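What follows is a set of notes on a single structure, which appears directly below.
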Amino acid sequence: MADKEESSVLFSLQELMSLEEERIQDEELTKEREEQAAKEAAEADERRKREEEEARIRAAEEERRAEELRKREEEARVAGAAQAEIDKAKADAENRARLEQIAQANDHEAKLAEIQQDKHKKKLTIGIAVAIVAAVGIGVGMFMINKNAAEEAERKQAAIVAELEAVKNEADAQVKKLQRELETNKDLSEAQQAALKAKIADAEKAAAKADSNVKTNRRRRGGGGSSRPSTSKPSKPKSTGCAPGDPMCGAF
């Protein structure tokens with residue numbers, strides 16, 4: 001009877017020790033899980049902060065690049081317009097000077113014709129033809145100068161539009177990348193989803209702004225540009241009622 005009681009006591013002690021060991025193991029497992037969860041939460045928070053900072057830096061860099069492009073575009077536009085005005089003024093001055101020389105030469109020829117009309121009729125006719133050819137040459141030269149200036153401004157504008165389109169494409173790609181990340185990572189926490197959605201919103205704003213810059217420059221490129229002075233065709237000689245055979249009649 002005493003042996004049975006001793007065995008029962010030993011069994012109870014063993015049960016108590018087993019239960020205590022299980023309790024200790026459960027506490028250790030719970031502690032390990034809590035520590036692991038805290039570690040994962042800290043890592044997720046650090047990752048979120050790092051990603052937010054990277055997104056902010058990218059947005060700031062894109063804004064800086066867009067601002068530099070706007071400045072370069074404005075400088076190119078101002079420089080192109082100024083150069084076009086300089087070229088036009090220079091061409092106009094050269095044209096006036098040459099026309100004055102032609103007019104003086106024609107006056108001189110007209111006086112000679114009055115003195116020796118019959119003797120120098122052929123020579124005066126040749127002089128008039130040369131003057132007309134020179135005037136036409138001046139007009140062609142002015143057209144080519146203004147045409148070249150306009151083409152240079154167009155090339156600069158095209159380069160700016162191409163760079164703005166590159167910025168826009170990069171912003172669109174960033175939006176798509178973040179959207180794919182949100183769609184594929186279904187196990188993200190609410191805080192991580194909110195942070196990712198905020199980055200998507202910032203990227204969409206940057207993409208919209210870049211798209212607006214591209215459209216603005218396309219409209220400016222398609223509808224604007226340096227003005228080209230129109231070249232007027234020489235008017236037909238009017239009837240003056242001069243005597244037949246007069247080489248100076250109706251020459252200009």
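The values are calculated or read from the model by the stated rules, or taken from the named source; none is laboratory data. For clarity, every value in this text was computed on a predicted model and none was experimentally measured. In this analysis, Cβ positions are derived from the backbone assuming ideal geometry, glycine residues included, and neighbour counts consider all displayed protein chains.
Taking residue 213, is it at pLDDT 85 or above, within 12 Å of the chain's Cα centre (by Cα) and surrounded by 13 or more Cβ atoms within 10 Å (Cβ to Cβ)?
So residue 213 fails the test.
Only one of 40, 35, 73 is assigned to a helix (DSSP H, G or I) and within 15 Å of the chain's Cα centre (by Cα). Can you tell me which? Steps first, please.
Values: 40 fails: within 15 Å of the chain's Cα centre (by Cα); 35 fails: within 15 Å of the chain's Cα centre (by Cα).
So the residue among 40, 35, 73 that is assigned to a helix (DSSP H, G or I) and within 15 Å of the chain's Cα centre (by Cα) is 73.
Which ones in the range 77-118 are surrounded by 14 or more Cβ atoms within 10 Å (Cβ to Cβ) and either of a type in the set (A, V, I, L, M, F, W, C) or not in a helix (DSSP H, G or I) (or both)?
Filtering the range 77-118 for residues surrounded by 14 or more Cβ atoms within 10 Å (Cβ to Cβ) gives 77, 80-81, 83-84, 87-88, 91, 94-95, 98-99, 102, 105-106, 109-110, 112-113, 117.
Correct list: 81, 84, 91, 99, 102, 105, 110, 112, 113, 117.
Kindly establish whether residue 96 is in contact with a helix residue (DSSP H, G or I) (Cβ under 9 Å, 6 or more places away or on another chain) and farther than 24 Å from residue 157 by Cα. Break it down into steps so the answer makes sense when it comes.
Numbers: in contact with a helix residue (DSSP H, G or I) (Cβ under 9 Å, 6 or more places away or on another chain): no; farther than 24 Å from residue 157 by Cα: yes.
No: the conditions fail for residue 96.
Restricting attention to the range 182-197, which residues are under 17 Å from residue 59 (Cβ atoms) and surrounded by 14 or more Cβ atoms within 10 Å (Cβ to Cβ)? Write out each step before concluding.
Here is the first cut: in the range 182-197, the ones under 17 Å from residue 59 (Cβ atoms) are 195-197.
Correct list: 195, 196.
Among 219, 228, 180, which is the only one that is at pLDDT below 80, among the charged types (D, E, K, R) and in a helix (DSSP H, G or I)? So that I can check it myself, show each step before the final result.
Details: 228 fails: in a helix (DSSP H, G or I); 180 fails: at pLDDT below 80.
Exactly one residue qualifies, and that residue is 219.
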